[in-house]
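Asker: Here it is, the structure in full.
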Amino acid sequence: MSSEGAPAEARDEAPVARIEPPAWSRSARARSVIAALSAGGAEPRFVGGCVRDQLAGQPVTDIEVATPEPPETVRARLEEAGIRAIPTGIEHGTITALLDRQPFEITTLRRDVETDGRHAVVAFT
């Protein structure tokens, strides 16, 4: 659809080419965690509640990250970077990074192989 049928105020606005990352994602702690997780070339991404809260204009308190790396690699990369790694949900691929008392919940990308609606057997992807 062309912009000719759009309201005048919509035609006058230039498209947004880039959305600036929010301040919480640029903090020294967040950058340290992302750098540790990226060390082997993986591309971690912010997911879950932090994204939802940011989009809703709410304060971001829980930071969750997804990564393609298996939990053992996540734990090793965090520890190599001097970041405490707590296996909070290791059977589902979740490690909590704790840096200066701020937790970052990091979960390996996965799919449910079997589930009863509450408990799942997962396969990392």
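Asker: Working only within segment 108-121, note down all residues that are closer than 19 Å to residue 75 by Cβ, in a loop (DSSP other than H, G, I, E, B) and open to solvent by 80 Å² or more (accessible area, probe 1.4 Å).
Answerer: Selection gives nothing.
Asker: Evaluate the following for residue 64: is it in contact (Cβ under 8 Å) with a residue 24 or more places away in the chain, assigned to a strand (DSSP E or B) and not basic (Lys, Arg)? Let's see the steps before the verdict.
Answerer: Numbers: in contact (Cβ under 8 Å) with a residue 24 or more places away in the chain: yes; assigned to a strand (DSSP E or B): yes; not basic (Lys, Arg): yes.
For residue 64, the condition - in contact (Cβ under 8 Å) with a residue 24 or more places away in the chain, assigned to a strand (DSSP E or B) and not basic (Lys, Arg) - is met.
Asker: Another question, then. Could you please find all residues in segment 87-125 being of a type in the set (Ser, Thr, Tyr), in contact (Cβ under 8 Å) with a residue 24 or more places away in the chain and over 30 Å from residue 28 (Cβ atoms)? Walk me through it before giving the result.
Answerer: Initial filter on segment 87-125 (of a type in the set (Ser, Thr, Tyr)): 88, 94, 96, 107-108, 115, 125.
Filter again for in contact (Cβ under 8 Å) with a residue 24 or more places away in the chain, leaving 107-108, 125.
Within segment 87-125, just 125 meets the criteria.
Asker: Being within 20 Å of residue 123 (Cα to Cα), under 11 Å from the mean Cα position of the chain (by Cα) and surrounded by 16 or more Cβ atoms within 10 Å (Cβ to Cβ), is that true of even one residue in segment 72-88?
Answerer: no
For every residue, the table says whether it meets (1) modelled with pLDDT of 95 or more; (2) open to solvent by 60 Å² or more (accessible area, probe 1.4 Å).
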residue	(1), (2)
90	no, yes
100	no, yes
103	yes, yes
106	yes, no
123	no, no
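Asker: Restricted to segment 33-61, and to residues that are in contact with an Asp or Glu (Cβ under 9 Å, 6 or more places away or on another chain) and not in a loop (DSSP other than H, G, I, E, B), which residue is farthest from residue 96 (Cα to Cα)?
Answerer: Among those residues, the one meeting the criterion is 53.
Asker: Any residue at all in segment 48-61 that is among the basic types (Lys, Arg), over 23 Å from residue 24 (Cβ atoms) and open to solvent by 40 Å² or more (accessible area, probe 1.4 Å)? Even if it seems obvious, please write down each step before you answer.
Answerer: Initial filter on segment 48-61 (among the basic types (Lys, Arg)): 52.
This time we only want the ones that are over 23 Å from residue 24 (Cβ atoms), so: none.
No, that holds for no residue.
Asker: Just name the residue that is farthest from residue 43 (Cα to Cα) out of those in segment 68-82 that are touching a Ser or Thr at 6+ places or on another chain (Cβ under 8 Å) and part of a helix (DSSP H, G or I).
Answerer: Filtering segment 68-82 for residues touching a Ser or Thr at 6+ places or on another chain (Cβ under 8 Å) gives 68-71, 74, 81.
Adding the requirement that they be part of a helix (DSSP H, G or I) leaves 71, 74.
Details: 71: 14, 74: 12 Å.
That would be 71.
The values are calculated or read from the model by the stated rules, or taken from the named source; none is laboratory data. Worth saying up front: this structure is predicted, and the values here are computed from it rather than measured. All Cβ positions, glycine included, derive from the backbone under ideal geometry; neighbour counts span all protein chains shown. The area values use the complete protein model at the heavy-atom level, side chains included, leaving out ligands, DNA and RNA. Shrake-Rupley method; radii C 1.70, N 1.55, O 1.52, S 1.80 Å.
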